[in-house]
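Taking it in order: structure first as structure tokens, then the write-up.
The values are calculated or read from the model by the stated rules, or taken from the named source; none is laboratory data. What you are looking at is a predicted structure, and each value in this text was computed from that prediction instead of being measured. Cβ: placed from backbone, ideal geometry, glycine included. Neighbour counts: every protein chain shown.
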Amino acid sequence: MRSATQSPMDCKPDGVTEVHRGFSRRAFLASGVAVGVGAGLGPFGGAVSALADKPSSSKLGKGDAAILRFLAAAEILETDLWQQYNELGGIQDSEVPGGSGSKPYIEALEVLDEDMPQYIHDNTEDEFTHFTFLNAYLESRGAEAVDLSEFANLPSSKAKGAQQIGRLTNLMELTVDTSWYTRYRSSTKNPDFGDTFPQAVPDLAKGVFPAIPRSDADLEPQKHIQAIANTAGFHFATIEQGGTSLYPAVAQRTSDGEALRVVLSIGPTEAMHFQTWSDKAGNAEPLTDPTNGLKFPDLNEPPFGGEEFQTNLIMPEPTIFLRKSLPIVSVVRPTQTDGIAMGAVEFLTAMGLFRGQSTSFFNALKQLAREADAAKLKGPK
């Protein structure tokens, strides 16, 4: 089994053997914030510092271990897909090594925002740290880490810039659900009440499309590579809104105080990712791909338009929550906890992310989900 601190990029042909552990700018900023908070607590600052690195002496309970194992598996899968995006469209450096970039793909992504390569890089780095931390934490509390490396057998993109290694996820045959776009703009509906929402890009939910160039043949004509970049832009947000809901949903079943702290501390970063990608998706150029007919509509024009489609509304609209008799409130949605892990597996499967995977892969993933969903719910439903 891979050790808890190894990454999917370990032992790759480029000679990279571990995740970069240098003192990065982001690590410095995080440390600075932590010091600032401690300094502002007056006489309690010392106590907080003393407790900050005190390891728990108890073994994780079965339910909490199952929850964290499922989250670790989800983060490994996210890391795998984000690694593919970064190899072709992000920044390759010591923090996120692998690949060499595809200039035409990067330029198409930059139509959505000129900082897309940096954002892709940072999202990828975050996912690496999430799964390596979760696996290390599991082992530190006497639980088994998660290793999916035996299932990394899907092919890589053949486009110049991509590593030729086995993958867990398939970004070349996606069916992307873009209903999150209208869900977070609705002030009257919430999926926790069984409500459904229209697709922002209906074609993406009906067909099968690449989000990365499958080969250099996909780099032209221009509208084709732009459609691939647009697909990626919406897929980024589709993935991260899933994590935004997953963490608060499983937190409701987490019993151990420290494990709950882990869940509540990682979860909000998924929301930060989603907020970023929600903003960028709205910048996708209206176009029709001449190679496959995929249409990206102008979301500000009829038959779209209105509050549900307005592209500059990137913060969650207040909506109904818990009971319709209560005032509306700006919340993450959904956060219903029943069956959330299996629901996540079904959601990712439906988008084609695992097209080509083995039966044993699906069995392993579903088992992790069943165990997480079996964790005891805390308090009233």
Subset of region 259-274 (residues that are buried (at least 18 other Cβ atoms within 10 Å of the Cβ) and of a type in the set (S, T, N, Q)): T269
Helices (runs of 4 or more DSSP H) fully within region 159-267 counting 1 or more residues that are free of Cβ contacts under 8 Å to residues at least 40 places away in the same chain and of a type outside the set (S, T, N, Q): 202-206, 222-251
Close pairs (7 angstrom Cβ cut-off, 6 or more residues apart or separate chains): farther than 18 Å from G243 by Cα in region 78-98, in a helix (DSSP H, G or I) and of a type in the set (D, E) anywhere: E95/E125; V96/E125; G98/E87
Only listed residue being in contact with a Ser or Thr (Cβ under 8 Å, 6 or more places away or on another chain), surrounded by 14 or more Cβ atoms within 10 Å (Cβ to Cβ) and not hydrophobic (A, V, I, L, M, F, W, C), chosen from G356, G352, G343: G352
Helices (runs of 4 or more DSSP H) enclosed by region 18-133 - at least 3 residues per element that are farther than 30 Å from A341 by Cβ and at pLDDT 95 or above: 103-109
Only one of T291, T311, T319, T337 that is within 19 Å of the chain's Cα centre (by Cα) and among the hydroxyl-bearing types (S, T, Y): T337
Checking N300 against (1) touching a residue at least 24 places away in the same chain (Cβ under 8 Å); (2) exposed (fewer than 15 other Cβ atoms within 10 Å of the Cβ); (3) over 17 Å from P191 (Cα atoms), the condition it does not meet: (1)
From A211, A237, residue being of a type in the set (A, V, I, L, M), farther than 22 Å from E307 by Cα and surrounded by 24 or more Cβ atoms within 10 Å (Cβ to Cβ): A211
Number of positions in region 184-196 that are basic (K, R) and under 18 Å from the mean Cα position of the chain (by Cα): 0
Scope region 72-108; condition more than 28 Å from E371 (Cβ to Cβ), of a type in the set (A, V, I, L, M, F, W, C) and buried (at least 24 other Cβ atoms within 10 Å of the Cβ); matching residues: L88, V96, A108
Lone unmet requirement of (1) at pLDDT 95 or above; (2) surrounded by fewer than 17 Cβ atoms within 10 Å (Cβ to Cβ); (3) in contact with a strand residue (DSSP E or B) (Cβ under 7 Å, 6 or more places away or on another chain); (4) of a type outside the set (G, A, S) for L287: (2)
